[in-house]
1. Pick from B:165, B:233, B:69: which is most flexible by mean-square fluctuation in a GNM of chain B where alpha carbon atoms under 10 Å apart are linked?
2. Where the eigenvalues come from the Cα gyration tensor of segment B:173-292, what are the semi-axes √(5λ) of the equivalent ellipsoid, largest first, in whole Å?
3. Any idea how far apart residue B:286 and residue A:15 come out in nm if each label point goes 7 Å out from Cα toward Cβ?
4. How high is the FRET efficiency between residue B:317 and residue A:5 when r is their beta carbon distance and R₀ equals 41 Å, given to the nearest 0.05?
5. Tell me, how many Å apart are the Cα centres for segment B:46-69 and for segment B:130-174?
6. Give me the distance in nm between label points sitting 7 Å out from Cα along the Cα-to-Cβ direction at residue B:241 and residue B:228, one decimal.
7. Would you mind calculating the gained length between residue A:108 and residue A:39 on full extension (0.36 nm times residue separation, minus the Cα-Cα distance), in nm to one decimal?
8. Give me D for segment B:113-173 in µm² s⁻¹, whole number, from Stokes-Einstein with Rh from the Kirkwood sum over alpha-carbon pairs, 20 °C and 1.002 mPa s.
Ligand code: FES
Ligand SMILES: [Fe+2]
């Protein structure tokens with residue numbers, strides 16, 4: 001790391017909880033949160049494939065390929081991204097959208 | 001007679017270069033071919049047919065299809081009749097429809113997953129040859145996996161509305177393709193809802209597995225390693241390559257396999273699975289796991305299901 005150019009670090013605010021963590025520009029929003037042991041955005045495949053880390057972002061980001069099963073082109077234009085495919089380019093606020101599909105109000109049946 | 005083993009899986013990837021680094025340098029699969037549409041074909045060093053993995057470029061992660069190899073061409077005629085008699089539509093595809101394969105049968109499991117059966121695929125031989133072979137070849141990369149071992153498919157399960165695609169796909173595999181049920185998870189107030197099953201045609205604990213979830217999907221495809229020490233080395237290889245590991249080396253209670261769950265760069269879950277578990281002979285009694293010990297069935301050491309196990313997976317079609 002020491003031979004790399006200094007990397008800007010931005011604040012990411014999780015709107016749902018008000019928690020704030022720091023994310024370097026070269027790290028995805030999800031990776032930085034997980035590395036710091038923080039919670040708030042559901043963490044899954046870290047590859048843009050499963051959709052659990054879906055957030056709506058306010059602020060400037062760049063994104064890598066995200067599975068269209070989880071973020072349509074229209075949604076992408078509205079600021080929906082997968083946090084594991086998304087790098088900060090400024091201070092950000094995110095709203096958690098991706099839910100772990102989980103039964104909370106009815107009896108569980110093994111896995112569902 | 002009938003189905004022999006898993007033949008190949010066709011996985012969709014969002015970034016082919018990243019996928020190739022993962023499947024070639026981390027898992028250690030060997031590249032067999034590439035076609036004009038950008039699909040890449042790979043196999044393990046211990047396999048003899050040309051490929052067991054097809055990577056297809058796509059903007060959606062997940063599985064296109066899974067294919068099983070039958071013993072002889074005649075089996076395809078017999079199985080076609082049986083599948084149709086069961087009420088499932090079958091399309092017979094000409095040789096070459098599956099690249100480097102003879103004619104094939106194409107149909108959907110009751111869970112909706114697309115499956116092919118074929119009898120012939122181009123033979124290329126093992127990397128160690130068949131004459132006075134060494135136990136492993138030189139130049140293996142990464143984990144050096146032997147072969148594609150099995151896949152776990154997520155099937156829609158919603159007992160309150162009477163939907164159980166685990167049960168339906170399991171019955172199809174047993175009744176029509178003559179798979180043997182080796183292990184099952186039974187849940188619900190009366191312990192009679194099949195929430196997961198493991199089935200085999202070989203004498204390994206499973207060649208396919210089904211687990212109930214909210215929607216159909218690909219849970220993982222697994223690659224074989226010999227033993228624990230190989231699994232631990234594979235975990236080191238993954239860490240060196242910053243692969244996202246879902247579950248660090250651990251044992252499954254079910255199948256007794258030594259495992260790592262991890263994700264390819266498109267978020268498709270992979271597994272390195274070590275050990276042959278036990279010999280699943282045709283007369284072996286079915287092993288049942290109850291709902292209260294489900295966590296230990298899946299992750300034997302911790303005894304706890306992780307949140308991601310049934311919520312994080314990619315598309316199944
Ligand atoms: S964690 Fe799976 S899409 Fe981000
Ligand atoms: Fe597995």
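1. Of the options given, B:233 has the highest mean-square fluctuation.
2. Equivalent ellipsoid semi-axes, largest first: 26, 17, 13 Å.
3. Spacing of the two 7 Å Cα→Cβ label points: 4.9 nm.
4. E between residue B:317 and residue A:5, to the nearest 0.05, is 0.40.
5. 12
6. Going by the 7 Å Cα→Cβ label model, 2.5 nm.
7. Gain on stretching residue A:108 to residue A:39: 22.4 nm.
8. The estimated diffusion coefficient comes to 132 µm²/s.
Values quoted throughout were computed directly from the atomic coordinates according to the rules given, and no laboratory measurement underlies them. Since the structure is predicted, the reported quantities are computational estimates derived from the model, not experimental observations. With ideal geometry, Cβ positions are generated from the backbone for all residues, glycine too; neighbour counts draw on all protein chains shown.
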